[in-house]
Amino acid sequence: MNDLVLKVEGLTTCFDTASGSLYAVDGVGFEICRGETLALLGESGCGKSLTAFSLMRLLPTRQARIAAGRVVLGGDDLLALPELRMRDIRGNRMAMIFQEPMTSLNPVMTVGEQIAEAVVRHGKLRGRALASRVIELLDAVGIPDAAQRSNEYPHMLSGGMKQRIMIAMALAGEPDLLIADEPTTALDVTIQAQVLELMRDLQRSKGMAILLITHDLGVVAEMADRVAVMYAGQIVEQAESRDFFASPCHPYSRKLFDSLPTIAKRHQPLAIIKGNVPPLTAAGYSGCRFATRCDMAKALCEGEIPQLQDAGPGRAVRCFAYDDRYRGQWGDGASAIIPAAAARPQQQESGADGGLLAVRDLKVYFKIQKGLFKRTVGHIKAVDGVSISIGRGRTLALVGESGCGKTTVAKAILQLQRPTSGSVLFNDVELTTLGGEALRRSRADFQIIFQDPYSSMNPRMLVGDIIQEGMIALGVEPDPKRRALKVDELLQQVGLPPEAKGRYPHEFSGGQRQRVCIARALAVNPKLIICDEPTSALDISVQAQILNLLQQLQRTTGVSYLFITHNLSVVAYLADEVAVMYLGRIVEQGRVSDVLTAPRHPYTQALISAIPVIDAGTRRETIRLEGDLPSPANPPTGCHFHVRCPQARPECSLQYPEAAILEDGRMVRCVLYPRR
């Protein structure tokens, strides 16, 4: 890997605003060689994607400009080329996979037409040769039945397939450099594993250089040869991947690692990064940009701007602790800059304090209707016989791929979606028989926190009014003065100042908005909160803040959680029990420590094997699942998983396996564990 493909020097991109120039990318520099993957790691807003757009020269011309730097691709300085030349380079010598495939694909063109468009732009193929090239590209990215799929529209494909189409379009010009901007963020772990494996295979066969943009440390550990960490528009650390994960140097890098939830950190707070990113205007730069959030900052850090310092072979750190002139103030920078975390006593798992929620044989079927008279011709079995229970002060995690029915279970429990059949017993009250005023009064006992906090709040309402709305609707606190005091208490409880009640949702960060949603849920004193992917769109440090808050609230109020997620590291940290769901049914359920460390059902094994892990010593061989989740309108006969199961037997297709209770108390539905 000594053939240099890309060299970036002093890249500076700024936005000219009324209050001055905002330097979103400031002096960024790195190199990528042929066949190498460089990961650009950092939280949202640090400048990762803007760096990529600057390399591609796809900036909004009226708002942003490249103020300085050089971007050399194979001997050509891209910043000096006219736009006409850049059009020949984009999609040809360098290509980009965007973060959200659905918004990047044209919904009114077939995927074959969109790939052909990229081929025609950079080649001379026409007619049958063009059609053959499109099929060849679809085959290369693992799309089954490529000839048929090429005639389908984006909405007809799964998320994983849409991302594969984006990769096929990027490969159309056979680029030397592939920029992948968060290519797996919105994907399930099984689909994510397939996409990452595809990118590795294509890199090996074509010798591409890859710039991987992500905030997921697990993905970086599995994919990257080298790592560049960005914070507030600057690269603060560069290193070989193995060295970075063995011993991160910059305080920000170390904080990211400390913020990761793991099963070893259960019952203790995760490390958080205090404060906020400083303003990116030139006037805001009087010292180190991380100084106000760094536990080991000194007066020097706030008065002088640090430069990248050599910290060993192939390693550079933007920190005074590694500057020979000041090293004595910190001792040995690598070991003394961050003190070892004080050991906290581990709490024992507490038993359930009585039953709060008992769901039995829950079914939610949606009718498939056709014709003028809406004749029912079938059913979509979104939830098909789910049984779960949650004790007071306990957390049950519900995990599984997108489309398996997790959110529908939550809506059916809350009676936002009436079940087709089954029982939902909450605090000894059967919710399925309630209606009207009785159901409305009971809603104070159970609330929900949605995945996207911004879309779940009225943008025209003040935060104080949003939090009060539930109290007014359910008659929890009729006195306006007491309600106002309760709002102040709730905001302080979730770590926000009381003054926040006079602001609108758009004035907060993603993590702060999620805190407001938690305050809204707590306002009516619920006994159960359903958390539907509450941290999936959050950065590592913000996720740590929310998980700490949820854990603290459970200890102080005794609230129970049904936690819906596909992030199993969050499950390991927060949940007491976990239920694994596949195509509308629970296939395995038990204590978190049992299920995650020794999964029994083949689907659970595949899910856990697909999770990217940081520690190479604990990495499992990925169990690749063929195909996508079958349609709940026409599920496979017998065990629904047998068509994708690597351990399938002939009898798996005959009937759905009954629940077997194993020696450790977990429930498994698989013919490998017959009912006793």
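The values are calculated or read from the model by the stated rules, or taken from the named source; none is laboratory data. Only a predicted model underlies this, so the values are computations on that prediction, with no experimental measurement involved. Ideal geometry is used to build each Cβ from the backbone, glycine not excepted, and the neighbour counts take in all protein chains shown. These area figures cover heavy atoms from the full protein model, side chains too; ligands, DNA and RNA do not enter into them. Shrake-Rupley method; radii C 1.70, N 1.55, O 1.52, S 1.80 Å.
At-a-glance table
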| quantity | calculated |
| --- | --- |
| Cα-Cα pairs of region 24-77 separated by more than 15 Å (percent) | 54 |
| Residue among G400, L485, H379 farthest towards the positive dipole end of the chain, charges placed on Cβ | H379 |
| Sulfur and carbon atoms: percent of accessible area, the chain [1.4 Å] | 51 |
| Paired Rg and Dmax values of region 50-208, which use every Cα atom, in angstrom | 15.9, 48 |
| Overall form of region 516-640 per C-alpha gyration tensor (a/c, 1.5; a/b vs b/c) | prolate |
| Cα convex hull of region 128-265, projected area averaged across orientations, nm² | 10.3 |
| For region 1-121, alpha-carbon Rg relative to the globular expectation (2.2 N^0.38 Å, N residues) | 1.16 |
| Extended-chain gain in nm, criterion 0.36 nm per residue less alpha-carbon gap, L81 and T433 | 119.7 nm |
| Cα-based shape type of region 426-489, given that a ≥ b ≥ c are square roots of the gyration tensor eigenvalues and the cut on a/c is 1.5 | oblate |
| Under the span-like rule (Cα at least 15 Å along the axis, Kyte-Doolittle mean at least -1.0), DSSP H helices of the chain | 111-122, 127-140, 159-171, 189-206, 463-474, 510-522, 540-557 |
| Magnitude of the charge dipole, region 1-127, Cβ model with Lys/Arg +1 and Asp/Glu -1, debye to 20 | 420 |
| Theoretical gain in end-to-end length, E499 to R325 [0.36 nm per residue, Cα-Cα removed] | 58.3 nm |
| Helix-only mean residue ellipticity at 222 nm for the chain, each DSSP H run of n ≥ 4 adding -39500 (n - 2.57), per residue, nearest 500 | -8500 deg cm²/dmol |
| Per-residue HN-Hα couplings for region 385-393 [Karplus 6.51, -1.76, 1.60; θ = phi - 60°; Hz; x = Gly/Pro] | x, 8, 10, 9, 9, 9, x, 5, x |
| Fully extended contour minus Cα-Cα distance, from M461 to D361, at 0.36 nm per residue | 32.0 nm |
| Region 448-458 - phi-based ³J(HN,Hα) in whole Hz, Karplus 6.51/-1.76/1.60, Gly and Pro as x | 9, 10, 7, 5, 9, x, 5, 6, 8, 10, 6 |
| Sequence-distant residues sharing a close amide H with L362 (under 5 Å, placed H) | G385, V386, S387, S423 |
| The chain: C-alpha gyration tensor shape, a/c 1.5 cut-off, then a/b vs b/c | oblate |
| Reciprocal of mean inverse Cα separation for region 183-255 (Kirkwood radius, Å) | 13.4 |
| Shape metrics for region 220-264, restricted to C-alpha atoms - Rg then Dmax, Å | 10.9, 33 |
| Environment charge at L625 (Cβ cut-off 11 Å; Lys +1, Arg +1, Asp -1, Glu -1) | -2 |
| Neighbourhood charge, 15 Å Cβ-Cβ cut-off, centred on P60 and excluding it, Lys, Arg +1 and Asp, Glu -1 | +1 |
| Charge dipole magnitude, Cβ of K and R +1, D and E -1 - region 490-620, Cα centre, debye nearest 20 | 160 |
| Solvent-accessible heavy-atom area per residue, rounded to whole Å², over region 27-98 at 1.4 Å | 41 |
| Cα centre as origin, Lys/Arg/Asp/Glu Cβ charges: the chain dipole, Debye | 1460 |
